[in-house]
Amino acid sequence: MLMWKQMKSAVVLALALAFSIGATTAVRAQDAGAGDSATAKRKVKTRTVPDYPVIAKQLHITGKVKIEATIAADGHVVSTHVVGGSPVLVAAASDALKKWKYEPGPKETTEIVEFDFDGN
(Lines give C-alpha, C1' and ligand atoms only; values in the text may rest on other atoms or scores of the structure.)
Protein backbone atom coordinates (compact mmCIF):
# COMPACT_ATOMS: atom_id res chain seq x y z
CA MET A 1 0.00 0.00 0.00
CA LEU A 2 2.79 2.41 0.89
CA MET A 3 4.57 1.63 -2.39
CA TRP A 4 1.38 2.44 -4.35
CA LYS A 5 1.03 5.83 -2.64
CA GLN A 6 4.66 6.67 -3.37
CA MET A 7 4.26 5.68 -7.01
CA LYS A 8 1.05 7.68 -7.31
CA SER A 9 2.76 10.74 -5.80
CA ALA A 10 5.67 10.38 -8.23
CA VAL A 11 3.29 10.21 -11.21
CA VAL A 12 1.38 13.28 -10.03
CA LEU A 13 4.67 15.16 -9.55
CA ALA A 14 5.89 14.14 -13.02
CA LEU A 15 2.65 15.27 -14.64
CA ALA A 16 2.74 18.60 -12.80
CA LEU A 17 6.32 19.13 -13.96
CA ALA A 18 5.44 18.23 -17.56
CA PHE A 19 2.53 20.69 -17.60
CA SER A 20 4.62 23.47 -16.06
CA ILE A 21 7.32 22.97 -18.69
CA GLY A 22 4.68 22.97 -21.43
CA ALA A 23 3.23 26.21 -20.13
CA THR A 24 6.54 27.97 -20.74
CA THR A 25 6.92 26.84 -24.36
CA ALA A 26 6.81 29.83 -26.67
CA VAL A 27 4.76 30.17 -29.81
CA ARG A 28 4.78 33.52 -31.57
CA ALA A 29 2.36 34.62 -34.25
CA GLN A 30 3.05 37.28 -36.80
CA ASP A 31 0.80 38.68 -39.44
CA ALA A 32 2.93 38.40 -42.57
CA GLY A 33 0.52 40.48 -44.65
CA ALA A 34 -1.51 39.46 -47.63
CA GLY A 35 0.10 38.31 -50.83
CA ASP A 36 -2.11 40.69 -52.82
CA SER A 37 -1.00 44.29 -52.35
CA ALA A 38 -4.47 45.51 -53.38
CA THR A 39 -5.93 44.31 -50.07
CA ALA A 40 -5.39 46.51 -47.05
CA LYS A 41 -3.72 44.89 -44.08
CA ARG A 42 -6.19 44.35 -41.22
CA LYS A 43 -5.30 44.91 -37.57
CA VAL A 44 -5.77 42.04 -35.15
CA LYS A 45 -8.08 42.84 -32.20
CA THR A 46 -7.70 39.55 -30.31
CA ARG A 47 -5.18 36.76 -30.77
CA THR A 48 -5.24 33.24 -29.42
CA VAL A 49 -1.85 31.64 -28.91
CA PRO A 50 -1.76 28.03 -30.12
CA ASP A 51 -1.03 25.23 -27.69
CA TYR A 52 2.29 23.57 -28.44
CA PRO A 53 1.33 19.98 -29.31
CA VAL A 54 2.55 17.47 -26.72
CA ILE A 55 4.00 15.15 -29.37
CA ALA A 56 5.92 18.07 -30.90
CA LYS A 57 7.42 18.89 -27.50
CA GLN A 58 8.36 15.26 -26.89
CA LEU A 59 10.02 14.97 -30.30
CA HIS A 60 11.57 18.48 -30.07
CA ILE A 61 9.81 19.59 -33.26
CA THR A 62 10.13 23.30 -33.94
CA GLY A 63 9.44 25.44 -36.96
CA LYS A 64 7.13 27.88 -38.64
CA VAL A 65 3.61 27.42 -39.91
CA LYS A 66 2.16 29.76 -42.53
CA ILE A 67 -1.59 29.99 -42.90
CA GLU A 68 -3.69 32.04 -45.29
CA ALA A 69 -6.83 33.30 -43.56
CA THR A 70 -9.94 34.74 -45.16
CA ILE A 71 -11.33 37.50 -42.93
CA ALA A 72 -14.97 38.59 -43.16
CA ALA A 73 -15.90 42.27 -43.23
CA ASP A 74 -16.96 42.04 -39.56
CA GLY A 75 -13.50 40.75 -38.56
CA HIS A 76 -14.03 37.04 -37.89
CA VAL A 77 -11.97 34.36 -39.63
CA VAL A 78 -14.11 32.71 -42.31
CA SER A 79 -11.63 30.07 -43.48
CA THR A 80 -8.00 29.04 -43.30
CA HIS A 81 -5.66 27.38 -45.78
CA VAL A 82 -2.26 26.01 -44.74
CA VAL A 83 0.54 27.38 -46.89
CA GLY A 84 3.38 25.51 -45.20
CA GLY A 85 4.76 24.02 -42.03
CA SER A 86 5.20 20.81 -40.10
CA PRO A 87 2.08 18.62 -40.15
CA VAL A 88 2.53 18.10 -36.40
CA LEU A 89 2.20 21.85 -35.75
CA VAL A 90 -0.38 22.80 -38.39
CA ALA A 91 -3.56 21.79 -36.51
CA ALA A 92 -2.66 23.79 -33.39
CA ALA A 93 -1.85 26.90 -35.44
CA SER A 94 -4.99 26.61 -37.55
CA ASP A 95 -7.26 26.08 -34.53
CA ALA A 96 -5.79 29.15 -32.80
CA LEU A 97 -6.08 31.34 -35.91
CA LYS A 98 -9.77 30.48 -36.30
CA LYS A 99 -10.34 32.16 -32.90
CA TRP A 100 -8.67 35.44 -33.89
CA LYS A 101 -10.72 38.60 -34.36
CA TYR A 102 -9.70 41.40 -36.70
CA GLU A 103 -10.81 45.03 -36.91
CA PRO A 104 -13.90 45.40 -39.13
CA GLY A 105 -13.21 46.36 -42.72
CA PRO A 106 -15.15 47.40 -45.84
CA LYS A 107 -14.92 43.94 -47.42
CA GLU A 108 -13.61 40.39 -47.03
CA THR A 109 -9.80 40.21 -47.11
CA THR A 110 -7.06 37.60 -47.11
CA GLU A 111 -4.13 37.66 -44.68
CA ILE A 112 -1.07 35.44 -44.32
CA VAL A 113 -0.22 34.63 -40.71
CA GLU A 114 3.00 32.96 -39.60
CA PHE A 115 3.32 31.05 -36.33
CA ASP A 116 6.79 30.33 -34.94
CA PHE A 117 6.97 27.26 -32.70
CA ASP A 118 10.44 27.61 -31.19
CA GLY A 119 10.23 25.21 -28.26
CA ASN A 120 11.48 27.71 -25.67
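The values are calculated or read from the model by the stated rules, or taken from the named source; none is laboratory data. All of these numbers come straight from a predicted model, not from anything done at the bench. Note that each Cβ is placed from the backbone with ideal geometry, even for glycine, and that neighbours are counted across all protein chains shown.
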Query - Residues located in region 75-120, provided they are in contact (Cβ under 8 Å) with a residue 40 or more places away in the chain, assigned to a strand (DSSP E or B) and not hydrophobic (A, V, I, L, M, F, W, C) - result: 101, 102, 109, 110, 111, 114, 116
Requested in this report: Those residues that are among the hydrophobic types (A, V, I, L, M, F, W, C) and touching a Lys or Arg at 6+ places or on another chain (Cβ under 9 Å), I need them from region 73-92; list them, please.
Outcome: 73, 77, 82, 83, 89
**Report entry** Criterion (out of contact with any Phe, Trp or Tyr (no Cβ under 6 Å at 6 or more places or on another chain) and under 17 Å from residue 41 (Cα atoms)) met by exactly one of 97, 59
**Finding:** 97
Report summary line: Of (1) modelled with pLDDT of 95 or more; (2) closer than 20 Å to residue 41 by Cβ, residue 105 fails just (1)
Report summary line: If we ask which residues in region 28-72 are in a loop (DSSP other than H, G, I, E, B) and either hydroxyl-bearing (Ser, Thr, Tyr) or at pLDDT 65 or above (or both), their number turns out to be 17
Query raised in the report: Out of region 94-117, which residues are of a type in the set (Asp, Glu) and either under 16 Å from residue 84 (Cα atoms) or out of contact with any Lys or Arg (no Cβ under 9 Å at 6 or more places or on another chain) (or both)?
Result: 95, 108, 111, 114, 116
Query raised in the report: So which of 71, 55, 61, 112 is touching a helix residue (DSSP H, G or I) at 6+ places or on another chain (Cβ under 9 Å) and surrounded by 15 or more Cβ atoms within 10 Å (Cβ to Cβ)?
Result: 61
